[in-house]
Amino acid sequence: MHRTLILLVAFAAGCAPGNAPSPSTSAAADPQGSWVLVSGTTPAGEIPIVDDHPITLTIEGSSIGGTAACNGYGGRLAATGAGVEIRDLAWTAMACMPDEVMAAEAAYTQALPAVRVMRRDGDQLVLEGVDLELRFDALPPPPTAELVDTTWTLETLVDGDVAMAPMGEPATLELRADGTFSGSTGCRPFDGQWVERGEQLLATTFAMGDVACPAELSDQDGHVVTVIGDGFVPTIDGDRLTLTDAGGLGLVYRAAGE
């Protein structure tokens, strides 16, 4: 997890708007924003779309980033005389299950360097190359205003189809509007800073309390650290907050006092 976090922090910094100009596009073809892949065709065949493992793309200025079904990635969008190119690609290196997720990721990351055209087709963003088409829908922003400055208490840990109740002391999470967060895994306290990147929230710093967890809490501690540290997509339904990371792990919280 620590290697993944370091790389995602680098991507978060790289996605920040800078002084570099965006690749030249018409207003109608503006690609800025966050997108999710809905179909992909490459010379090798179709890119599988795997439920609960979305492939996303966020474009801010000339920087790109997102989740490639499992791992985070980042790079640079460059204008050329013939169109556009995606350069300086880098990504994290988690092993993910099932194999279909890794196959989707491999097909997508191999396709990105071959992109030469970027255009809008109605509400969709389309990236094209030779025998290549990647088609994206716009992603809604995360419900940041609804989840900040509330203390959330962990109710359920989710790993695929398996749901587990937490143990130990109450595990909490509070994300603040000033970009800081704090909480507990039920064993160790943590704090840090977060940023919004497309549909994801990413921890740009993450510090853990120097506490040794008992054996019965070590799996829970690792589960919480992985989801918070690797970046997650938040959804809110009433008084419940669900965090889902790119690998399919999840945390379900309830607003404290509800």
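The values are calculated or read from the model by the stated rules, or taken from the named source; none is laboratory data. Computed from a prediction, not measured in an experiment: that's the story for all the values here. Virtual Cβ from ideal backbone geometry, glycine too; neighbours counted across all protein chains shown. Areas reflect the complete protein model, heavy atoms only, side chains present, ligands, DNA and RNA absent. Shrake-Rupley method; radii C 1.70, N 1.55, O 1.52, S 1.80 Å.
Only one of these conditions is not met by Arg135: (1) modelled with pLDDT of 95 or more; (2) buried (at least 18 other Cβ atoms within 10 Å of the Cβ). Which number is it?
Tallying (1) modelled with pLDDT of 95 or more; (2) buried (at least 18 other Cβ atoms within 10 Å of the Cβ), Arg135 fails exactly one: (2).
Going by the structure shown, is Ala78 open to solvent by less than 60 Å² (accessible area, probe 1.4 Å), under 17 Å from Ala111 (Cα atoms) and either outside any strand (DSSP E or B) or modelled with pLDDT of 90 or more (or both)?
Values: open to solvent by less than 60 Å² (accessible area, probe 1.4 Å): yes; under 17 Å from Ala111 (Cα atoms): yes; either outside any strand (DSSP E or B) or modelled with pLDDT of 90 or more (or both): yes.
Against the criterion (open to solvent by less than 60 Å² (accessible area, probe 1.4 Å), under 17 Å from Ala111 (Cα atoms) and either outside any strand (DSSP E or B) or modelled with pLDDT of 90 or more (or both)), Ala78 qualifies.
Can you pull out every residue in the stretch 191-212 that is of a type in the set (Val, Ile, Thr) and in contact with a Gly (Cβ under 6 Å, 6 or more places away or on another chain)?
As a first pass, look at the stretch 191-212 and keep what is of a type in the set (Val, Ile, Thr): 195, 204-205, 211.
Matches in the stretch 191-212: Thr205 only.
I'm checking my understanding of the structure. Among residues of the stretch 209-230 that are aliphatic (A, V, I, L, M) and closer than 23 Å to Ala177 by Cβ, which one is surrounded by the fewest Cβ atoms within 10 Å (Cβ to Cβ)? Steps first, please.
Filtering the stretch 209-230 for residues aliphatic (A, V, I, L, M) gives 211-212, 215, 217, 224-225, 227-228.
Retained after the next criterion (residues that are closer than 23 Å to Ala177 by Cβ): 224, 227-228.
On the way: Val224: 25, Val227: 22, Ile228: 26.
Of everything passing the filter in the stretch 209-230, Val227 is surrounded by the fewest Cβ atoms within 10 Å (Cβ to Cβ).
Can you find, within the stretch 9-35, the residue that is modelled with the highest pLDDT among those that are under 14 Å from Arg120 (Cα atoms) and surrounded by 11 or more Cβ atoms within 10 Å (Cβ to Cβ)? Outline the logic, then answer.
Just the residues of the stretch 9-35 that are under 14 Å from Arg120 (Cα atoms), to begin with: 24-35.
Those left that are additionally surrounded by 11 or more Cβ atoms within 10 Å (Cβ to Cβ): 25, 29-35.
On the way: Thr25: 45, Ala29: 62, Asp30: 77, Pro31: 86, Gln32: 87, Gly33: 85, Ser34: 85, Trp35: 91.
Within the stretch 9-35, the match that is modelled with the highest pLDDT is Trp35.
Against the definition (open to solvent by less than 20 Å² (accessible area, probe 1.4 Å), under 23 Å from Leu249 (Cα atoms), among the small types (Gly, Ala, Ser) and not in a strand (DSSP E or B)), how does Ala95 come out, yes or no?
Values: open to solvent by less than 20 Å² (accessible area, probe 1.4 Å): no; under 23 Å from Leu249 (Cα atoms): yes; among the small types (Gly, Ala, Ser): yes; not in a strand (DSSP E or B): yes.
Taking the combined requirement at face value, the residue does not satisfy it.
Can you give me the number of residues within the stretch 231-254 that are in contact with a helix residue (DSSP H, G or I) (Cβ under 9 Å, 6 or more places away or on another chain) and surrounded by fewer than 19 Cβ atoms within 10 Å (Cβ to Cβ)?
Counting residues in the stretch 231-254 that are in contact with a helix residue (DSSP H, G or I) (Cβ under 9 Å, 6 or more places away or on another chain) and surrounded by fewer than 19 Cβ atoms within 10 Å (Cβ to Cβ) gives 1.
Of the residues in the stretch 166-206, how many are over 16 Å from Thr150 (Cα atoms), out of contact with any strand residue (DSSP E or B) (no Cβ under 6 Å at 6 or more places or on another chain) and open to solvent by 50 Å² or more (accessible area, probe 1.4 Å)?
Residues flagged as over 16 Å from Thr150 (Cα atoms), out of contact with any strand residue (DSSP E or B) (no Cβ under 6 Å at 6 or more places or on another chain) and open to solvent by 50 Å² or more (accessible area, probe 1.4 Å) within the stretch 166-206 amount to 5.
Could you tell me whether any residue of the stretch 113-126 is part of a strand (DSSP E or B), out of contact with any helix residue (DSSP H, G or I) (no Cβ under 8 Å at 6 or more places or on another chain), farther than 30 Å from Phe181 by Cβ and open to solvent by less than 40 Å² (accessible area, probe 1.4 Å)? First the steps, then the outcome.
At the first step, the residues of the stretch 113-126 found to be part of a strand (DSSP E or B) are 117-121, 124-126.
Next, only the ones that are out of contact with any helix residue (DSSP H, G or I) (no Cβ under 8 Å at 6 or more places or on another chain) stay: 117, 121, 124-126.
Of the ones still in play, those that are also farther than 30 Å from Phe181 by Cβ are 117, 121, 124-126.
Filter again for open to solvent by less than 40 Å² (accessible area, probe 1.4 Å), leaving 125-126.
Yes, the stretch 113-126 contains at least one residue that is part of a strand (DSSP E or B), out of contact with any helix residue (DSSP H, G or I) (no Cβ under 8 Å at 6 or more places or on another chain), farther than 30 Å from Phe181 by Cβ and open to solvent by less than 40 Å² (accessible area, probe 1.4 Å).
Could you give every pair whose Cβ atoms fall below 7 Å, whose first residue belongs to the stretch 64-84 and is farther than 20 Å from Gly129 by Cβ, and whose second residue is among the charged types (D, E, K, R) and not in a strand (DSSP E or B), counting only separations of at least 6 or pairs across chains?
Cys70/Glu105; Asn71/Glu105
I need the full set of residues from the stretch 60-75 which are more than 16 Å from Ile47 (Cβ to Cβ), polar (S, T, N, Q) and in a strand (DSSP E or B), in order please.
Residues of the stretch 60-75 that are more than 16 Å from Ile47 (Cβ to Cβ), as a first pass: 60-65, 72, 74-75.
Imposing the further condition that a residue be polar (S, T, N, Q) reduces the set to 62-63.
The answer is Ser63, and nothing else.
Count, please, the residues in the stretch 149-171 that happen to be over 20 Å from Trp194 (Cβ atoms), part of a strand (DSSP E or B) and aliphatic (A, V, I, L, M). Step through it out loud before you land on a result.
First, the residues of the stretch 149-171 that are over 20 Å from Trp194 (Cβ atoms): 155-170.
Next cut, part of a strand (DSSP E or B) only: 155-159, 162-164.
In the following step, the residues that additionally are aliphatic (A, V, I, L, M) were identified as 157-158, 162-164.
Residues in the stretch 149-171 being over 20 Å from Trp194 (Cβ atoms), part of a strand (DSSP E or B) and aliphatic (A, V, I, L, M): 5 in total.
Failed condition for Glu216, given (1) part of a strand (DSSP E or B); (2) among the acidic types (Asp, Glu); (3) touching a residue at least 40 places away in the same chain (Cβ under 8 Å), with all others met?
Result: Glu216 passes all but (1).
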